[in-house]
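Below is one structure, written out as structure tokens, with a few remarks after it.
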Amino acid sequence: MPRFFVEQPPQDGVLTLEGESAHHAARVLRLRPGEAVTLCDGRGMDFDCIVESVDRQTVVCRVQNSHPALTEPAQRITLFMALPKGDKMEWIVQKAVELGASEIVPYLSKNCVSRPDRTESKVERWRRIAVEAAKQCGRGVLPFVQPVIPFAQAAARAAQDETALFLYENERQTGLRQALAGGLGDTVSLLVGPEGGFAPEEAEAARRAGLKSVSLGTRILRCETAPIAALAAILYAGGNM
Ligand code: SAH
């Protein structure tokens, strides 16, 4: 079933595709009146629709039915990711969105090698990558990439989630499996460090903020591998895989 995001809520039972979505629906998929299509508001609600009319600019769809999107994980997962080198963040954003992260918060910590002065254009690019990934994999929520913030803010915000995990390469006691044994909250945050890892004082601050320090095993994973491995494990533990 073709699937598109719409920006406006239904009006008089009708949703209208415009711009690139209309072009894709009309020219590429050649949708015709009477055909079924699913439209999504990007905030978790799907609308089952029937195409009513197609012209050069717009595809008008009549809503038959609406329901929560069937493609969202049961948990709302936020990835707090220390800025990695080069363009690695692009890959991380794409994979995190495919796996089901709802929000991505890039942050700067002590050992971040990458220290761009102007991050706005990078954030814009990551947002476009997130939207493309969400379309490609059929998400019901359009994940948002937040502006880059300092470590202390990231830790404080991550600590607000019901299950707040800090992936720490020097953690020797608690593994992820053990940390999740008591169950998952509805909101989950994951704080991941940069290539250089966390400074000891950051690890201490993360724990003080209320995050649970967890290990992903005895091998050191690259900073782009760690969030993807942890996301997959959390989805599995939450019954989403
Ligand atoms: N340079 C550091 C490793 C950094 S790995 C060192 O040699 O110790 C980058 C980030 O990935 C870490 O900060 C952590 O958030 C995560 N990570 C990698 N391997 C991990 C592991 N085995 N357990 C928990 N977190 C890990």
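The values are calculated or read from the model by the stated rules, or taken from the named source; none is laboratory data. The structure displayed is predicted, hence computed values, not measured ones. Cβ placement follows ideal geometry from the backbone for every residue including glycine, while neighbour counts extend to all protein chains displayed. Heavy atoms of the whole protein, side chains included, go into the accessibility calculation; ligands, DNA and RNA do not. Shrake-Rupley method; radii C 1.70, N 1.55, O 1.52, S 1.80 Å.
A compact table of results
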read-out: Selection count where residues are farther than 20 Å from R172 by Cβ and polar (S, T, N, Q), scope segment 185-228; value: 2
read-out: Within segment 31-51, tally of residues that are farther than 27 Å from G100 by Cα and either surrounded by 15 or more Cβ atoms within 10 Å (Cβ to Cβ) or out of contact with any strand residue (DSSP E or B) (no Cβ under 8 Å at 6 or more places or on another chain) (or both); value: 3
read-out: Selected residue (only one of V60, V97 is outside any helix (DSSP H, G or I), buried (at least 16 other Cβ atoms within 10 Å of the Cβ), more than 16 Å from the ligand (Cβ to nearest atom) and aliphatic (A, V, I, L, M)); value: V60
read-out: The one condition in (1) surrounded by 13 or more Cβ atoms within 10 Å (Cβ to Cβ); (2) without any contact (Cβ under 8 Å) to a residue 24 or more places away in the chain; (3) of a type in the set (A, V, I, L, M, F, W, C) that V28 fails to fulfil; value: (1)
read-out: Residue tally, condition more than 6 Å from the ligand (Cβ to nearest atom) and not in a loop (DSSP other than H, G, I, E, B), over segment 210-221; value: 3
read-out: Positions within segment 72-94 being open to solvent by less than 40 Å² (accessible area, probe 1.4 Å) and hydrophobic (A, V, I, L, M, F, W, C), in sequence order; value: I77, L79, F80, M81, A82, L83, M89, I92, V93
read-out: Any chance A154 is among the small types (G, A, S), over 25 Å from E120 (Cα atoms) and more than 8 Å from the ligand (Cβ to nearest atom); value: no
read-out: Tally, over segment 117-131, of residues that are part of a helix (DSSP H, G or I) and either touching a residue at least 12 places away in the same chain (Cβ under 8 Å) or among the β-branched types (V, I, T) (or both); value: 9
read-out: Test: residue in segment 143-151 that is away from the ligand (no atom under 16 Å from the Cβ), open to solvent by less than 20 Å² (accessible area, probe 1.4 Å) and touching a Cys at 6+ places or on another chain (Cβ under 8 Å); value: no
read-out: Residue tally, condition touching a residue at least 40 places away in the same chain (Cβ under 8 Å), part of a loop (DSSP other than H, G, I, E, B) and surrounded by fewer than 18 Cβ atoms within 10 Å (Cβ to Cβ), over segment 154-170; value: 1
read-out: All positions within segment 202-241 that are among the acidic types (D, E) and surrounded by 15 or more Cβ atoms within 10 Å (Cβ to Cβ); value: E202, E224
read-out: Segment 206-234 residues that are on the phi > 0 side of the Ramachandran plot, paired with ones that are more than 6 Å from the ligand (Cβ to nearest atom) and open to solvent by less than 50 Å² (accessible area, probe 1.4 Å) (beta carbon under 6 Å, 6 or more apart); value: G210/A159
read-out: Residue tally, condition more than 12 Å from the ligand (Cβ to nearest atom) and either under 18 Å from A230 (Cβ atoms) or not hydrophobic (A, V, I, L, M, F, W, C) (or both), over segment 178-209; value: 15
read-out: Test: R139 is within 16 Å of the chain's Cα centre (by Cα) and either part of a loop (DSSP other than H, G, I, E, B) or within 16 Å of the ligand (Cβ to nearest atom) (or both); value: yes
